[in-house]
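Bear in mind that the values in this text are calculations on the coordinates, not laboratory data. Treat the numbers as computed from the prediction; the structure is a model and nothing was measured. Methodologically, a virtual Cβ is constructed for each residue, glycine included, from the backbone with ideal geometry; neighbour enumeration extends over all protein chains shown.
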Amino acid sequence: MYWNQEMECMPRPQLADLELRRLKETVFRAYTFVPAYREKMDAAGIKPYDIQKLEDLAHLPFTTKQDLRDAYPFGLFAVPMSEVVRIHSSSGTTGKPTVVGYTQKDLFTWSEMMARALTCAGATRHSIVQNAYGYGLFTGGLGVHYGAERIGASVIPSSGGNTKRQVMLMQDFGSTILTCTPSYALYMYEVMQEMGVRPSDLRLKAGIFGAEPWTENMRREIESKLGIAAYDIYGLSEIIGPGVAMECELRNGLHVFEDHFLPEIINPETGEVLPPGEHGELVITTLTKEALPMLRYRTRDLTSLDVSPCPCGRTHVRMKKVLGRSDDMIIIRGVNVFPSMVESVLLNVAGVEPHYLLVVDRVGSLDELEVRVEVSEKVFSDEVRKLEELNRQIRKELEGALGVAVKVRLVEPKSIERSEGKARRVIDNRKM
Ligand code: DLL
């Protein structure tokens with residue numbers, strides 16, 4: 001049921017002592033070995049020994065993606081390259097990618113985090129894990145891989161892509177756990193349909209989905225189509241990769257593996273630390289990372305923390321499902337819109353498929369949001385009047401939920417690009 005009961009269920013006062021000890025060590029190492037951290041702390045007038053209690057964390061300066069870019073590629077590493085045994089990097093849509101490094105011990109920590117995460121979804125040494133996260137510089141593939149091996153499960157390193165072969169492997173090898181992005185899981189289902197494979201004939205029991213936002217409605221959609229339990233896993237390269245936080249069997253918030261990662265929520269405008277329960281930007285400090293210690297890293301992901309005890313017995317704080325990043329938010333005539341808000345509305349409408357795209361344009365001086373929605377074959381072949389009626393209904397519901405005028409375009413089944421990794425949900429033509 002647990003991978004590491006001692007750590008995952010540690011009484012909170014004891015956990016706080018452990019966190020403080022590890023925080024002091026991390027700050028000391030970052031200050032001593034990374035000139036960029038030392039300069040920032042000196043400029044803020046703070047020394048490692050000023051950290052005497054967990055609340056003192058709030059005095060440390062933040063670290064941002066820009067700091068990683070400024071230090072490209074290895075400038076924030078706190079160990080010599082001879083100690084670095086793995087390098088990953090996140091693509092980044094603009095500018096230089098961010099580069100992250102791991103020591104031997106960091107890889108051991110990461111596989112432990114992933115072993116915990118997989119165990120949360122019921123994985124054991126008897127599981128057959130089909131790992132369809134991309135292998136390569138992206139952390140998803142190798143991150144899950146090492147965790148599954150650590151448990152002793154049988155891993156199929158199928159990586160992303162070649163979807164027909166994925167389905168064949170599932171059938172022939174009897175995969176019990178699927179790991180990939182939620183959007184790729186849906187695409188796999190479509191390919192199963194085309195191949196005439198029924199999910200009920202497979203042995204799949206659970207899916208561990210992450211690397212992009214997905215709503216509760218999307219969870220229901222995946223669960224009912226694939227006939228599995230869908231779990232949310234969260235992580236980011238800068239902190240370690242997948243395995244920063246994971247849902248337990250209750251699937252009501254993701255436990256942040258707090259003995260290694262210390263979470264805070266801040267007001268993204270002011271930087272002020274917010275109390276538990278309040279919604280804001282997640283900031284994470286690593287407590288054990290050797291190669292790339294991160295002090296108060298601003299993730300840009302928006303969520304809140306729940307400190308109430310979880311019936312699963314794990315004592316680690318839970319974060320709410322991440323439904324958006326501050327930089328995925330699009331502003332339409334002054335109104336903030338997240339793609340997940342659109343997803344949530346669409347998946348409640350009968351006849352609509354879980355494939356959609358937001359297209360933003362500037363017409364004259366006005367922003368225009370068009371939501372392209374795929375409809376089912378059956379609906380698509382309906383009379384024009386019915387399609388118009390559906391269009392009107394979706395528009396009304398979207399406008400009600402978003403508070404901004406929306407154009408809806410119903411598109412043919414399978415006409416929106418499918419994703420084998422992170423789905424692209426927005427095309428913003430205003431920035432081009
Ligand atoms: O996406 C690591 C990962 C791999 C996580 C596989 C889970 C599974 P990056 O490519 O660095 O790392 O992207 C990190 O993806 O800051 C979030 O914005 C987003 N993200 C990751 N997991 C979730 C999730 C990997 N469960 C960025 N829900 C993060 C929502 C997520 N967003």
(request) Give me the aspartates and glutamates in straight-line cross-link reach of Lys225: C-alpha distance below 19 Å, same-chain residues under 8 apart excluded. (result) Glu190, Glu194, Asp201, Glu216, Glu343, Glu353, Glu374, Glu377, Glu420
(request) For Ile87, put the label point 7 Å out on the Cα→Cβ axis and report which residues of segment 110-144 keep their amide N under 17 Å from it. (result) 136-139
(request) Any chance you could run the full-extension gain for Asn336 through Met195? It's 0.36 nm times the residue separation minus the Cα-Cα distance, nm to one decimal. (result) 46.7 nm
(request) Using only the alpha-carbon atoms of segment 270-351, report the extent along each of the three principal axes, biggest first, to the nearest angstrom. (result) 47, 33, 26
(request) Starting with the fewest neighbours, write out Thr285, Thr124, Thr315 ranked by other beta-carbon atoms found within 10 Å of each beta-carbon. (result) Thr124, Thr315, Thr285
(request) Let me know the volume per residue of the alpha-carbon convex hull for the chain, in Å³. (result) 145
(message) In Å, what Kirkwood hydrodynamic radius results for segment 25-96 from the alpha-carbon pair distances?
(response) 13.7
(message) With a 10 Å cut-off between alpha carbons and a GNM built on the chain, which of Ala71, Ala121, Ala211 moves the most?
(response) Ala71
(message) Between Lys24 and Glu269, what is the label-point separation in nm under the 7 Å Cα-to-beta-carbon projection?
(response) 3.8
(request) Find the percent of Cα-Cα distances in segment 330-428 that exceed 20 Å, and round it to a whole number. (result) 35
(request) Taking 7 Å along the Cα-to-C-beta vector as the label spot, tell me the Val363-Gln52 distance in nanometres, rounded to one decimal. (result) 6.3
(request) Order the peptides 230-236, 156-162, 1-7 from the highest to the lowest mean number of other Cβ atoms within 10 Å of their residues. (result) 230-236, 156-162, 1-7
(message) Which entries of Lys40/Lys431; Lys53/Lys289; Lys65/Lys164; Lys407/Lys431; Lys386/Lys431 have Cα-Cα distances beyond 30 Å here?
(response) Lys40/Lys431; Lys65/Lys164; Lys386/Lys431
(message) Quick check: residue separation of Thr124 and Arg385 times 0.36 nm, minus the Cα distance between them. What number comes out in nm?
(response) 88.7 nm
(message) Please report the spacing between the Cα centers of segment 48-94 and segment 110-151 in Å, no decimals.
(response) 25
(request) Work out how much length Ser326 to Phe33 would gain on full extension: take 0.36 nm times their residue separation and subtract the Cα-Cα distance, in nm to one decimal. (result) 102.4 nm
(request) Grab the alpha carbons of segment 170-244, take their convex hull, and tell me the volume per residue in Å³. (result) 87
